[in-house]
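Enquirer: Have a look at the structure that comes next, please.
The values are calculated or read from the model by the stated rules, or taken from the named source; none is laboratory data. What you see is a predicted model, and the numbers here were worked out from it, not measured in a lab. When we count neighbours, we look across all protein chains shown, and the Cβ atoms used for this are built from the backbone with ideal geometry, even at glycine.
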Amino acid sequence: MFRINKAHPWHGIPMGENAPEEVTVFIEIVPRDTVKYEVDKETGYLKIDRPQQYSNVVPANYGFIPQTYCDSRIAERARSRTEIPISGGDGDPLDLLVLSEHHIPRGDIILKARPIGGFCLIDGGEADDKIIAVLKGDKVFEQYKEISELPKGILERFEHYFLTYKNLPDEQNRCQIAYSYCREDSYEVIQAAIADYSDLLGKLK
């Protein structure tokens, strides 16, 4: 393929022909970043969202699966599994954390990853799922096929980050982890986000 323009990370990058078992991920931030970057939805360039709060640093390479969207299907799936009130999906691509032994120096890259589970995060009443994956070919983390196989300390680090990453002093915690789920469930979440994205394109057309 020959492009004269840069592909938009959300809309112009294929998620991969083997999805949901193996997905393309656009990485926005890495553990050494002291600010939180995210893709600007209009231009496709990385922008600074906010400084990381205090000592809270993203615990793994963080990004999203292209051509996904968290809307009604993601919200409905969460409602069916928790009593926490949910107003809808968060209106963003599906987030994903990628574990790897290798130091990836910066974001704004794409990679291949294999989902092993995830968390249903409720952020301000919106469903904001976080898929957990391992880097394809990683000789340390490729042994893990299910989120339950990960060391307890890694899971606790993930949970702490998502429960506190938006906190400010004297503010009530706005994030809750409703439940975690296995690899097969993560596939269903990805498929729901793919369907939500297809609905979004239909509305735009």
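Enquirer: Hey, among GLY124, GLY107, GLY117, which residue is touching a Ser or Thr at 6+ places or on another chain (Cβ under 6 Å) and in contact (Cβ under 8 Å) with a residue 24 or more places away in the chain?
Expert: Only one candidate qualifies: GLY117.
Enquirer: Go through (1) at pLDDT 95 or above; (2) of a type outside the set (A, V, I, L, M, F, W, C); (3) at negative phi for GLY117 and report which single condition fails.
Expert: (3)
Enquirer: Restricting the search to the range 6-50, which residues are closer than 23 Å to VAL189 by Cα, of a type outside the set (Val, Ile, Thr) and in a strand (DSSP E or B)?
Expert: PHE26, GLU28, GLU38
Enquirer: List the pairs whose first member sits in the range 58-80 and is modelled with pLDDT under 95, whose second member is hydroxyl-bearing (Ser, Thr, Tyr) and surrounded by fewer than 21 Cβ atoms within 10 Å (Cβ to Cβ), and whose Cβ atoms are under 8 Å apart, counting only residues at least 6 apart or on separate chains?
Expert: Pairs found: VAL58/TYR161; VAL58/TYR165; PRO59/TYR161.
Enquirer: Let me ask something else. Scan the range 15-36 residue by residue and report those that are of a type outside the set (Lys, Arg) and within 12 Å of ASN61 (Cα to Cα).
Expert: Matches in the range 15-36: VAL25, PHE26, ILE27, GLU28, ILE29, VAL30, PRO31, ASP33.
So that you can scan it fast, the table gives a plain yes or no per residue for (1) crowded, with 19+ Cβ neighbours inside 10 Å; (2) under 21 Å from ASP71 (Cα atoms):
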{"residue": "VAL134", "(1), (2)": "yes, no"}
{"residue": "ILE147", "(1), (2)": "yes, no"}
{"residue": "PHE158", "(1), (2)": "yes, no"}
{"residue": "ASP196", "(1), (2)": "yes, yes"}
{"residue": "LYS205", "(1), (2)": "no, yes"}
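Enquirer: Further question: Looking only at the range 117-151, which residues are among the basic types (Lys, Arg) and under 18 Å from SER72 (Cα atoms)?
Expert: Residue satisfying the conditions is LYS130 alone.
Enquirer: Just give me the residues in the range 115-161 being in a loop (DSSP other than H, G, I, E, B), within 29 Å of PRO85 (Cβ to Cβ) and of a type in the set (Gly, Ala, Ser), in sequence order.
Expert: Those that are in a loop (DSSP other than H, G, I, E, B), within 29 Å of PRO85 (Cβ to Cβ) and of a type in the set (Gly, Ala, Ser): GLY124, GLY125.
Each row is one residue, and each column tells you yes or no for (1) touching an Asp or Glu at 6+ places or on another chain (Cβ under 7 Å); (2) charged (D, E, K, R).
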{"site": "VAL30", "(1), (2)": "no, no"}
{"site": "THR34", "(1), (2)": "no, no"}
{"site": "THR43", "(1), (2)": "no, no"}
{"site": "ASP49", "(1), (2)": "yes, yes"}
{"site": "VAL57", "(1), (2)": "no, no"}
{"site": "ALA60", "(1), (2)": "no, no"}
{"site": "PHE64", "(1), (2)": "yes, no"}
{"site": "CYS70", "(1), (2)": "yes, no"}
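Enquirer: What are the residues in the range 5-32 that are acidic (Asp, Glu) and surrounded by fewer than 17 Cβ atoms within 10 Å (Cβ to Cβ), if any?
Expert: GLU17, GLU21, GLU22
Enquirer: Only one of ARG183, ARG174 is in contact (Cβ under 8 Å) with a residue 60 or more places away in the chain and more than 14 Å from the chain's Cα centre (by Cα); which?
Expert: ARG183
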